[in-house]
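Chemist: Structure incoming, see below.
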Amino acid sequence: MSILINPRNEQEEKVVLDFLDSLAVEYSTEVDEDWGDIPDIVVFDVKESIKQIENGEGIDHHTVRETYKKWL
């Protein structure tokens, strides 16, 4: 299982890492940017969505569903 966490500040990051350490679970703080066999259009859409989120721009559920349908 993979979980990506984007803490808003160093304090949140410390809390998350302390929590994971307390559970004695294995984790990595490195992000793997290998998109592998994912089609280029999906990679493009995901990267665009990440930019929108980082800029504080949201997209509605309907738009998400329509984009997902294009991938199928």
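Chemist: Within the chain, what's the longest run with no chymotrypsin sites (Phe, Trp or Tyr not before Pro) in a DSSP loop and at most 16 other beta-carbon atoms within 10 Å? Give the range, please.
Modeler: Numbers: sites that count: TYR27, TRP35.
Formally, the longest exposed-site-free interval is 36-72.
Chemist: Moving to a separate point now. Taking the Cα of LEU23, stepping 7 Å toward and past its beta carbon, and measuring to each backbone N in the range 1-17: which are under 14 Å?
Modeler: What the label zone holds, given the 14 Å backbone N cut-off, is 1-5, 15-17.
Chemist: Right, another one. Of the listed values [x] -0.44, -1.06; [y] -0.62, -1.12; [z] -0.58, -1.22, grab the one calculated as log10 I(q)/I(0) by the Debye sum over Cα atoms at q = 0.13, 0.26 Å⁻¹ from the structure here.
Modeler: Checked against the structure: label [z].
Chemist: Work out the length of the dipole vector of the range 10-71 about its Cα centre, built from +1 on the beta-carbon of each Lys and Arg and -1 on the beta-carbon of each Asp and Glu, and round it to the nearest 20 debye. It would help to have the intermediate numbers written out before the result.
Modeler: On the way: 6 positive and 18 negative charges, 94 e Å.
Charge dipole, the range 10-71, about its Cα centre: 460 debye, nearest 20.
Chemist: Modelling each spin label as a point 7 Å along the Cα-to-Cβ direction, I'd like the LEU4/TRP71 distance in nm, to one decimal.
Modeler: 1.1 nm
Chemist: Cα axis of helix 10-23 to longest principal axis of the chain: angle in degrees, 0 to 90, nearest 10?
Modeler: 70 degrees
Chemist: What do you get for the angle between helix 61-71 and the principal long axis of the chain? Use alpha-carbon atoms, 0 to 90 degrees, nearest ten.
Modeler: The angle comes out at about 70 degrees.
Chemist: Run the quick spin-label model on VAL16 and SER49: label points 7 Å from Cα toward the beta carbon, then report their separation in nm to one decimal.
Modeler: Here the answer is 1.8 nm between the modelled labels.
Chemist: Say a site is exposed when it is one of the GluC sites (Glu not before Pro), sits in a DSSP loop, and has at most 14 other Cβ atoms within 10 Å; what is then the longest site-free stretch of the chain? Walk me through the numbers on the way to the answer.
Modeler: Working: sites that count: GLU26, GLU30, GLU33, GLU57.
Of all site-free stretches, the longest is 1-25.
Read-outs: derived from the displayed coordinates by stated rules, not from any lab. All of these numbers come straight from a predicted model, not from anything done at the bench. Cβ: placed from backbone, ideal geometry, glycine included. Neighbour counts: every protein chain shown.
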